Amino acid sequence: MRKIIDEAAGFEVTHQVDTFESLARHTRELPDVVVIGCLADVPRAPLAARRFLDSRPAASVLVVDDHAVLPDAPRVGVLPLTSGPDEFLSAIRMLAAGYAFYAGPAPRAAERGGPPLERITRRETDVLRLLVGGRTNSEMARHLSLTESTVKFHVQNLLRKLRLPNRASAVAYAYETGLINVGELSETARRP
């Protein structure tokens, strides 16, 4: 993970630790995003994240673990260990922008039951690509030359058509179904 961040433009690692005690000591001033994986003294990343969030509830935390459940906190993301570099960097961008998400498998249309999904429009697909890239509504509006309320309308339509509860689910769905390829993401995720 450190190598991925070091090689990416616009990212800086402030500290790298291997124990929970060091994590607590080095994050008195919170960085934009804290990435938590397996630690020597707390080997389960979800447990370490919960302990960390108990003392710093306003922190943005990325939990890298295959079996983590999204903790009940406003700015937390969960990413599987099998995620690629682009997904990892996009997860950090999303958290830095203030979003929470869970990047586990999204339910398929057949699993959700009901009639087939409505087709999403080209504009909704554009919005989804920017959403996956961690863009805010105002950034999407500027990028697409739309008003912010129009972007919100497209996001709501997208969620309704895909029968998804929130933006984070839309991101997971985009990856799971192949609507968005990781190769597309590196270009989409760049800030204007």
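Roughly how many Å² of GLU139 are accessible to a 1.4 Å probe, to the nearest 10?
Only protein atoms counted, so the area is about 30 Å².
Full extension from CYS38 to ASP66: what is 0.36 nm times the residue separation minus their Cα-Cα distance, to one decimal in nm?
Stretched out fully, the CYS38 to ASP66 stretch lengthens by 9.0 nm.
Across region 91-98, in residue order, what do the Karplus-derived ³J(HN,Hα) couplings come to in whole Hz, using 6.51 cos²θ - 1.76 cosθ + 1.60 with θ = phi - 60° and x for Gly and Pro?
Working through the residues one at a time gives 4, 5, 4, 4, 5, 5, 7, x Hz.
Give me the dipole magnitude in Debye, nearest 20, for region 1-52 about the Cα centre, with unit charges on the beta carbon: positive for Lys and Arg, negative for Asp and Glu.
Dipole size: approximately 260 debye.
5 Å is the cut-off here: which amide hydrogens, built 1.01 Å from N in the peptide plane, fall below it relative to ILE36, excluding neighbours closer than 5 in sequence?
Under 5 Å from the amide H of ILE36 lie the amide H atoms of LEU62, VAL63, VAL64, each far enough along the sequence or on another chain.
Mind running the shape call on region 1-86? Use the C-alpha gyration tensor, a ≥ b ≥ c as the square roots of the eigenvalues: rounded below 1.5 for a/c, prolate if a/b tops b/c, oblate otherwise.
Taking the square roots of the gyration eigenvalues as a ≥ b ≥ c, region 1-86 is rounded.
The values are calculated or read from the model by the stated rules, or taken from the named source; none is laboratory data. Please read all numbers here as calculations on a predicted model, not as lab measurements. As a convention, Cβ positions derive from the backbone with ideal geometry for all residues, glycine included, and neighbour counts pool all protein chains shown. Side chains included, ligands, DNA and RNA excluded: accessible areas come from the protein's heavy atoms. Shrake-Rupley method; radii C 1.70, N 1.55, O 1.52, S 1.80 Å.
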